[in-house]
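A.B. asks: Okay, handing you the structure first.
The values are calculated or read from the model by the stated rules, or taken from the named source; none is laboratory data. Note that the structure is a prediction, hence the values are computed from the model and not measured. Neighbour counts run over all protein chains shown; Cβ positions are idealised from the backbone, glycine included.
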């Protein structure tokens, strides 16, 4: 049985026009990510990794080329359909968490379900609680976001990304605002989720965090420079050990 | 449908989370709606008061006066004076006037052994009391015979009684009006202050014959006061009187009337026109404060959109449609202005009560004022909430997510 492709792009390009100047942010990206993969996308700033993430995340549309997400050709979709695709198929994790302030963890995690139009989730509160349990925050569900630490806030974000059972979890610099120890915790959660079968695409510029993934794609100047499987993957234990040695 | 309910919840959450800001936003609407209700009600109250005063003037009043012209601020008599003959002609021939009294008005001093007072003496017929609905509370009015015989009798108002007969019954006492002694036969019911603060109780009423003979020095009159047989015959009475007087004054068809007839209906119409204009004007001024309140809502909502740019970006990223964001912000604005409207209604009603308690000026809270105030608030909520809401919905999720 063929493995399901979650992401398939064909000659994906994105050109930004700024007056007369054209910026080729992405050029002819052919990318296939299958179900159950854990991919780290790396690259220096300006390499096009954010643009790629926006397109994969259906927040932006390619200038040319095709993009299929979980069997749906995204190219021709209108704004509302894109919103629905994001709601149903993608779980977003942001560098700066983007949680609602003065709102409980539970309410934050419920948020994607508020915009669900399929009616497939009957009890959003239960689902949100379960998602928070999955990230180890069962005892913090009624805490407001400002009462949580950075690492805890990022775990709420992960719970929020999980709650709608998406085909793809998309993380944009998830550890960018965290210290090393918390970063390792978050990366470990990703590994666990991946082991449970979740497909994860993570943008990062931290090599140590990327090392937790199964596959690493390196972008430069809007093109794929390298795309290889990671041989010696980090684990929570190995990373912590290394952290203790260096500090 | 379900989505709308969820969006309502989201909007209420946002309002609840920003209690202070929400209250401040509402303040403008509260004051605006309160002001609209209070001013419109005050206008209504004033109208009612004036109407009451006019209907208190008399019964189906028809006022026949010498034509006057206003030139350079001075009142100039233009027509012929009204004569005794005019009075008799009207009295005999009029079908629609049930009562008629001539009026000879003289300013004079009223003197008794205890004091004196500048006053106005009205020389009238015995029908005057019915025409102007003036009640006699002590003693009685003079009779037709008294008028015929030009008896030196009079009735006095409350003010004269106070000044000239403090604490005693004035009935049977003598007062001097310009050295002419009059016997007081009655006391008129107190009228209170009139419009412009004039004292309506500072008067002496005596038979016109006596006043003409002893005080006035003329057999003519400036005014006749008449009473039509019924309210719906006031117009007929006016036409009839016009015809009779034109005939009596031998006016040719191409000549203008040399007298003026004003009816109670006309006075009511004119004053209600004026008070209506006043009400509309006051309401319009108050509406401006409502619009200012609306701009306040728009302001805060715009600030709120900017402040919550990242929140909006997050919502869009995790699957909110533009319409979800638009309705959320619109609901926030409408809920704020509607809540402000309700509080404003309470504010207006309480304000009316306070004014009533403080000034004795009764203001009935007009039902339609509440409707106007609240409706206006809701419309303003939608109108001024729409622009910020659209701004929020049109945000690009990528930029919004990164907004610092």
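A.B. asks: Are there any helices (runs of 4 or more DSSP H) wholly within the range B:255-366 with 3 or more residues that are under 30 Å from residue A:89 (Cβ atoms), within 14 Å of chain A (Cβ to nearest Cβ) and modelled with pLDDT of 85 or more, and if so which? Steps first, please.
C.D. replies: Details: elements: B:264-307, B:309-317, B:322-359.
Filter on the range B:255-366 gives B:309-317, B:322-359.
A.B. asks: Looking at the structure I just gave you, is residue A:180 more than 14 Å from chain B (Cβ to nearest Cβ) and farther than 22 Å from residue A:5 by Cα?
C.D. replies: Working: more than 14 Å from chain B (Cβ to nearest Cβ): yes; farther than 22 Å from residue A:5 by Cα: yes.
In short, yes.
Table: residues versus (1) in contact with a strand residue (DSSP E or B) (Cβ under 7 Å, 6 or more places away or on another chain); (2) crowded, with 19+ Cβ neighbours inside 10 Å; (3) at negative phi.
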position: B:198; (1), (2), (3): no, no, yes
position: B:226; (1), (2), (3): yes, yes, yes
position: B:259; (1), (2), (3): yes, yes, yes
position: B:271; (1), (2), (3): no, no, yes
position: B:305; (1), (2), (3): no, yes, yes
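A.B. asks: Kindly provide the set of residues from the range A:57-71 that are over 23 Å from residue A:22 (Cβ atoms) and away from chain B (no Cβ under 14 Å), ordered by number.
C.D. replies: A:68, A:70, A:71
A.B. asks: Would the range B:132-145 turn up any residue that is on the phi > 0 side of the Ramachandran plot and in contact with a strand residue (DSSP E or B) (Cβ under 7 Å, 6 or more places away or on another chain)? Break it down into steps so the answer makes sense when it comes.
C.D. replies: Restricting attention to the range B:132-145, the residues satisfying the condition of being on the phi > 0 side of the Ramachandran plot are B:133, B:139.
Keeping just the survivors that are in contact with a strand residue (DSSP E or B) (Cβ under 7 Å, 6 or more places away or on another chain) gives B:139.
Scanning the range B:132-145, I find at least one residue that is on the phi > 0 side of the Ramachandran plot and in contact with a strand residue (DSSP E or B) (Cβ under 7 Å, 6 or more places away or on another chain), so the answer is yes.
A.B. asks: Something else now. Condition first: buried (at least 18 other Cβ atoms within 10 Å of the Cβ) and closer than 21 Å to residue B:219 by Cα. Now tell me which residues in the range B:89-107 satisfy that. Lay out the reasoning, then the answer.
C.D. replies: Residues of the range B:89-107 that are buried (at least 18 other Cβ atoms within 10 Å of the Cβ), as a first pass: B:90, B:94, B:96-104, B:106.
Across the range B:89-107, the qualifying residues are B:90, B:99, B:100, B:101, B:102, B:103, B:104, B:106.
A.B. asks: Still on this structure, I have one more. Counting only residues that are buried (at least 16 other Cβ atoms within 10 Å of the Cβ), within 14 Å of chain B (Cβ to nearest Cβ) and assigned to a loop (DSSP other than H, G, I, E, B), how many does the range A:121-142 have?
C.D. replies: Within the range A:121-142, residues that are buried (at least 16 other Cβ atoms within 10 Å of the Cβ), within 14 Å of chain B (Cβ to nearest Cβ) and assigned to a loop (DSSP other than H, G, I, E, B) number 1.
A.B. asks: On the given criteria, is residue A:149 within 26 Å of residue A:113 (Cβ to Cβ) and surrounded by fewer than 19 Cβ atoms within 10 Å (Cβ to Cβ)?
C.D. replies: Working: within 26 Å of residue A:113 (Cβ to Cβ): yes; surrounded by fewer than 19 Cβ atoms within 10 Å (Cβ to Cβ): yes.
Answer is yes for this residue.
A.B. asks: Another question about this same structure. Name the one entry in B:362, B:386, B:368 that is in the same structural domain as residue B:43 (by TED's automatic domain parsing), touching a residue at least 40 places away in the same chain (Cβ under 8 Å) and under 19 Å from residue B:28 (Cβ atoms).
C.D. replies: After applying the criteria, what remains is B:386.
A.B. asks: With the condition kept exactly as written, say whether any residue in the range A:75-84 is within 7 Å of chain B (Cβ to nearest Cβ) and crowded, with 16+ Cβ neighbours inside 10 Å.
C.D. replies: So in the range A:75-84, the residues within 7 Å of chain B (Cβ to nearest Cβ) come out as A:79-80, A:83-84.
When the remaining residues are screened for being crowded, with 16+ Cβ neighbours inside 10 Å, the result is A:83-84.
For the range A:75-84, residues within 7 Å of chain B (Cβ to nearest Cβ) and crowded, with 16+ Cβ neighbours inside 10 Å: present.
A.B. asks: Given the criterion at the interface with chain B (Cβ under 9 Å from one of its Cβ atoms), within 26 Å of residue B:14 (Cα to Cα) and touching a residue at least 60 places away in the same chain (Cβ under 8 Å), identify the matching residue among A:50, A:96, A:101. Even if it seems obvious, please write down each step before you answer.
C.D. replies: Working: A:50 fails: within 26 Å of residue B:14 (Cα to Cα); A:101 fails: touching a residue at least 60 places away in the same chain (Cβ under 8 Å).
It is A:96.
A.B. asks: A further question on this structure: Here are some residues: B:59, B:25. Which one is touching a strand residue (DSSP E or B) at 6+ places or on another chain (Cβ under 8 Å) and modelled with pLDDT under 85? Lay out the reasoning, then the answer.
C.D. replies: Values: B:25 fails: touching a strand residue (DSSP E or B) at 6+ places or on another chain (Cβ under 8 Å).
The unique qualifying residue is B:59.
A.B. asks: Can you tell me how many residues in the range A:76-118 are part of a loop (DSSP other than H, G, I, E, B), more than 25 Å from residue A:141 (Cβ to Cβ) and touching a helix residue (DSSP H, G or I) at 6+ places or on another chain (Cβ under 9 Å)? I'd like the intermediate steps shown before the answer.
C.D. replies: Going through the range A:76-118, the residues part of a loop (DSSP other than H, G, I, E, B) turn out to be A:76-78, A:94-103, A:115-118.
Now restrict to residues that are more than 25 Å from residue A:141 (Cβ to Cβ): A:76-78, A:117.
Filter once more, keeping what is touching a helix residue (DSSP H, G or I) at 6+ places or on another chain (Cβ under 9 Å): A:77, A:117.
Qualifying residue count, the range A:76-118: 2.
Yes/no per residue for (1) surrounded by fewer than 20 Cβ atoms within 10 Å (Cβ to Cβ); (2) modelled with pLDDT of 90 or more:
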{"site": "A:37", "(1), (2)": "no, yes"}
{"site": "A:40", "(1), (2)": "no, yes"}
{"site": "A:55", "(1), (2)": "no, yes"}
{"site": "A:59", "(1), (2)": "no, yes"}
{"site": "A:62", "(1), (2)": "no, yes"}
{"site": "A:65", "(1), (2)": "yes, yes"}
{"site": "A:111", "(1), (2)": "no, yes"}
{"site": "A:119", "(1), (2)": "yes, no"}
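A.B. asks: Of everything in the range B:349-404, what is under 16 Å from residue B:308 (Cα atoms) and buried (at least 19 other Cβ atoms within 10 Å of the Cβ)? Give them in sequence order. Before you say what the answer is, go through the steps one by one.
C.D. replies: If we filter the range B:349-404 for residues that are under 16 Å from residue B:308 (Cα atoms), which is where we start, we get B:385, B:387-404.
Residues satisfying the conditions are B:385, B:388, B:389, B:392, B:393, B:395, B:397, B:400, B:401.
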